[in-house]
1. Based on alpha-carbon atoms only, what is the radius of gyration of the stretch 23-88 relative to the globular estimate 2.2 N^0.38 Å?
2. Give the lysines reachable from residue 43 as a straight Cα distance under 21 Å; neighbours fewer than 8 places away on the same chain don't count.
3. Express the carbon and sulfur contribution to the solvent-accessible surface of the stretch 1-97 as a percent, rounded to the nearest whole number, probe 1.4 angstrom.
4. If contacts are Cα pairs under 8 angstrom and at least 6 residues apart, what is the relative contact order of the chain in percent?
5. Based on the alpha-carbon set only, what is the convex hull volume of the chain divided per residue, in Å³?
6. Give, rounded to the nearest 20 debye, the magnitude of the charge dipole that the chain has about its Cα centre when Lys and Arg contribute +1 at Cβ and Asp and Glu contribute -1 at Cβ.
7. Only bridges with both residues in the chain count here: give the DSSP antiparallel percent, nearest 5.
8. Check which residues have an amide H placed less than 5 Å from residue 90's amide H, if you skip close sequence neighbours.
Amino acid sequence: QVHLVESGGGLVQPGGSLRLSCAASGSIFRIDIMAWYRQAPGKQREMVASVTSGGRINYADSVKGRFTIFRDNGKNSVYLQMNSLKPEDTAVYYCNLHQLGGDYWGQGTQVTVSS
């Protein structure tokens with residue numbers, strides 16, 4: 001079993017920044033992909049950013065140029081630096097880990113962008 005713990009969410013004003021962190025522990029073998037997803041009220045969960053073990057990164061169009069994902073393989077951790085936040089970024093953000101034989105999710109952390 002893999003356990004993911006997220007932190008770093010909170011309330012921020014439009015234009016502000018937050019950094020989310022996710023630490024993985026447990027039965028970790030070879031992580032293929034670590035990613036951040038988000039789900040706003042009444043909407044489906046969507047991928048925000050992902051990074052493969054080889055360093056390939058993908059972003060949702062809505063966050064390109066504002067969000068940066070980076071990974072610390074030695075710590076089995078992934079981070080999401082969010083800048084120039086907008087009210088439409090308000091959502092619960094989930095960390096995701098994919099490895100051979102398993103797909104795992106964190107409990108989610110709330111990000112609220114409001115003045």
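1. 1.19
2. Straight-distance partners of residue 43: 64, 86.
3. 48 percent
4. Averaging sequence separation for qualifying contacts and normalising by length gives 37 percent for the chain.
5. In the chain, the Cα hull volume divided by residue count equals 92 Å³.
6. 160 debye
7. Beta bridges within the chain, antiparallel portion: roughly 95 percent.
8. Counting only residues 5 or more places away or on other chains, the set is 113.
The values are calculated or read from the model by the stated rules, or taken from the named source; none is laboratory data. All values derive from a computational prediction rather than experimental measurement. So basically every Cβ, Gly included, is an ideal-geometry build from the backbone, and we count neighbours across all protein chains shown. With ligands, DNA and RNA removed, areas are computed over all heavy atoms of the protein, side chains included. Shrake-Rupley method; radii C 1.70, N 1.55, O 1.52, S 1.80 Å.
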